[in-house]
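Below is one structure, written out as structure tokens; the observations come after it.
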Amino acid sequence: MGQRLHIRTKVIVVDPVHPEPTIIERAAKLLSDGEIVVFPTETVYGLGADAFQLAALERIFAAKGRPFSDPLIVHIADESALELLTTTVPEQAERLVQKFWPGPLTLILPRGPRVPRMVTAGLETVAIRMPRHPVALALIRALASPIAAPSANRFMHVSPTTAQHALADLAGRVPLILDAGLCEIGVESTVLDLCSEVPRILRPGGVGLEALRSVLPDVQPPIHRKVVGEREEFVAEKAPGQLLTHYAPTIPLLLFDGTVEAMQASMLAELRRRGMRGERVGVLVADEDMPVFRDSGALIQSLGSANDPAGVAASLFASLRALEETQVQVILCRNFGDQGLGLAIRDRLLKAAGGQVFGQ
Ligand code: TXA
Ligand code: MG
């Protein structure tokens, strides 16, 4: 599969609440002609193609540099589209759909016979989600077909929460990026497997475990993997593409655990050690940590208050990308707990850290 020669990437600003019909039509025309388009969702920007056009799907993988073994999420705008994509809608799914769609929840359901295997990476299941971003919904409706879309970043890079992030990764590889500003949630959707014996979260995301359990009390948390010394534990995983280093920033990131005081102390100690070696260090912290690091010589990036997981999630990926633009050689990062969106934040940080945690 060859990468196309450099194509011109156009960025068009679109109203996030009342998207201009002419702009939506233009993007939908590209999609129906077999092209790929970057569009906003409430979680992160997606790189979309008509889910039923094989050549268009291939372009997604080529543009991202993504292996075909990693399946795609199919985005729909109306529940009736479920019939096209799956054989059965279990009662559990119906209850979740009532409560969380449109929104940041992806359901793994049995694959309908018409769904291309390129979408599901050969699996007999398919990932489906109904986003709530008005631009995404308008685009799916204008195309009159479901849109398969991964996050609009290069493979292994951090997901984009602005059009500029998508442009940085995909310039010359996509004809059009729809720019609706910052994504509201900032981490990807929760992927929930409804094809296993008990419903299990495969990827924590925009809908928290507690919220899912309010509808289905037996929802299981994701199987955690971590690196203990040199060993990686619990490697077996049902979701393909859930690589431990999936969200690797280009600078090494060290994740710290423990009580706030212990965490700050071990971060400061590590900072001093590295400072003495002449390393330039960045710290990713909460507003509450700022006084501790103020005179430490580190480049400080705050994700907001530690008591506001939604705010932390919304600024996480942009902050990681901002640190990549600086001269720092390593990032020391605090943890933000595991309540609500905290679970998704921790998952992304753990992946950025290659599974390694300090201070446990
Ligand atoms: O918020 C989101 O979900 C964003 C926006 C664009 O919708 N999309 C997104 O797509 O994050 P992507 O491709 O970056 O991540 C999709 C995840 C992967 O971890 C993939 O392995 C999993 O969903 N997945 C897709 N189909 C699956 C299937 N049939 N079974 C298990 N996991 C699946
Ligand atoms: Mg992704």
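The values are calculated or read from the model by the stated rules, or taken from the named source; none is laboratory data. These numbers come from a predicted model, not from an experiment. For neighbour counting, all protein chains shown are included, and Cβ atoms are generated from backbone atoms with ideal geometry for every residue, glycine included. Side chains included, ligands, DNA and RNA excluded: accessible areas come from the protein's heavy atoms. Shrake-Rupley method; radii C 1.70, N 1.55, O 1.52, S 1.80 Å.
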Any idea which of Glu184, Glu188, Glu210 is surrounded by fewer than 21 Cβ atoms within 10 Å (Cβ to Cβ), assigned to a loop (DSSP other than H, G, I, E, B) and among the charged types (D, E, K, R)?
Glu184
Quick one: is Ala51 more than 20 Å from Ala166 (Cα to Cα), open to solvent by 60 Å² or more (accessible area, probe 1.4 Å) and at pLDDT 95 or above?
no
Val158 being in a loop (DSSP other than H, G, I, E, B), hydrophobic (A, V, I, L, M, F, W, C), at pLDDT below 95 and at negative phi:
yes
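Can you spot a residue in the stretch 162-177 that is touching a Cys at 6+ places or on another chain (Cβ under 9 Å) and either within 16 Å of ligand 2 (Cβ to nearest atom) or free of Cβ contacts under 8 Å to residues at least 24 places away in the same chain (or both)?
Of all residues in the stretch 162-177, those touching a Cys at 6+ places or on another chain (Cβ under 9 Å) come to 162.
From the residues that got through so far, the ones that are either within 16 Å of ligand 2 (Cβ to nearest atom) or free of Cβ contacts under 8 Å to residues at least 24 places away in the same chain (or both) too are 162.
The answer is yes, given that some residue of the stretch 162-177 is touching a Cys at 6+ places or on another chain (Cβ under 9 Å) and either within 16 Å of ligand 2 (Cβ to nearest atom) or free of Cβ contacts under 8 Å to residues at least 24 places away in the same chain (or both).
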Before we move on, is Arg294 over 28 Å from Ala166 (Cβ atoms) and open to solvent by 20 Å² or more (accessible area, probe 1.4 Å)?
yes
Look at the stretch 68-86 and say how many of its residues are within 22 Å of Val38 (Cα to Cα) and surrounded by 12 or more Cβ atoms within 10 Å (Cβ to Cβ).
11
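Can you find a residue in the stretch 78-86 that is in a strand (DSSP E or B) and over 23 Å from the mean Cα position of the chain (by Cα)?
Going residue by residue through the stretch 78-86, those that are in a strand (DSSP E or B) are 86.
Retained after the next criterion (residues that are over 23 Å from the mean Cα position of the chain (by Cα)): 86.
Yes, the stretch 78-86 contains at least one residue that is in a strand (DSSP E or B) and over 23 Å from the mean Cα position of the chain (by Cα).
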Taking Ala62 and the conditions (1) closer than 22 Å to Glu188 by Cα; (2) small (Gly, Ala, Ser); (3) outside any helix (DSSP H, G or I), which numbered condition does it fall short on, given that it satisfies the others?
(3)
If I filter the stretch 29-39 for residues that are assigned to a loop (DSSP other than H, G, I, E, B), touching a residue at least 60 places away in the same chain (Cβ under 8 Å), over 23 Å from Val198 (Cα atoms) and out of contact with any helix residue (DSSP H, G or I) (no Cβ under 6 Å at 6 or more places or on another chain), do I get at least one hit?
yes
Scanning the stretch 324-341 for residues that are buried (at least 20 other Cβ atoms within 10 Å of the Cβ) and under 21 Å from Val44 (Cβ atoms), the one nearest to the chain's Cα centre (by Cα) turns out to be Leu341
Hey, does the stretch 118-135 have a residue that's more than 11 Å from ligand 1 (Cβ to nearest atom), in contact with a helix residue (DSSP H, G or I) (Cβ under 9 Å, 6 or more places away or on another chain) and open to solvent by 10 Å² or more (accessible area, probe 1.4 Å)?
yes
Would it be correct to say that Thr106 is among the polar types (S, T, N, Q), open to solvent by less than 10 Å² (accessible area, probe 1.4 Å), touching a strand residue (DSSP E or B) at 6+ places or on another chain (Cβ under 6 Å) and closer than 16 Å to Thr41 by Cβ?
yes
For the stretch 273-291, which residues satisfy the criterion of being loosely packed, with under 14 Cβ neighbours inside 10 Å and touching a residue at least 24 places away in the same chain (Cβ under 8 Å)?
Glu279
Based on this model, can you work out whether Leu194 counts as away from ligand 1 (no atom under 11 Å from the Cβ) and either open to solvent by 20 Å² or more (accessible area, probe 1.4 Å) or modelled with pLDDT of 95 or more (or both)?
no
Filter result for the condition that a residue is basic (Lys, Arg) and out of contact with any strand residue (DSSP E or B) (no Cβ under 8 Å at 6 or more places or on another chain), over Lys64, Lys99:
Lys99
Conditions (1) part of a loop (DSSP other than H, G, I, E, B); (2) farther than 21 Å from Glu124 by Cα; (3) more than 22 Å from the chain's Cα centre (by Cα) -> Arg26 fails only (1)
Any pair with Cβ under 6 angstrom, 6 or more apart, that starts in the stretch 328-357 at a residue that is closer than 14 Å to Ala313 by Cα and ends at one that is modelled with pLDDT under 90 and charged (D, E, K, R)
Arg346/Asp338
When you check Val89 against the structure, is it open to solvent by 10 Å² or more (accessible area, probe 1.4 Å), within 28 Å of Glu197 (Cβ to Cβ) and not in a helix (DSSP H, G or I), yes or no?
yes
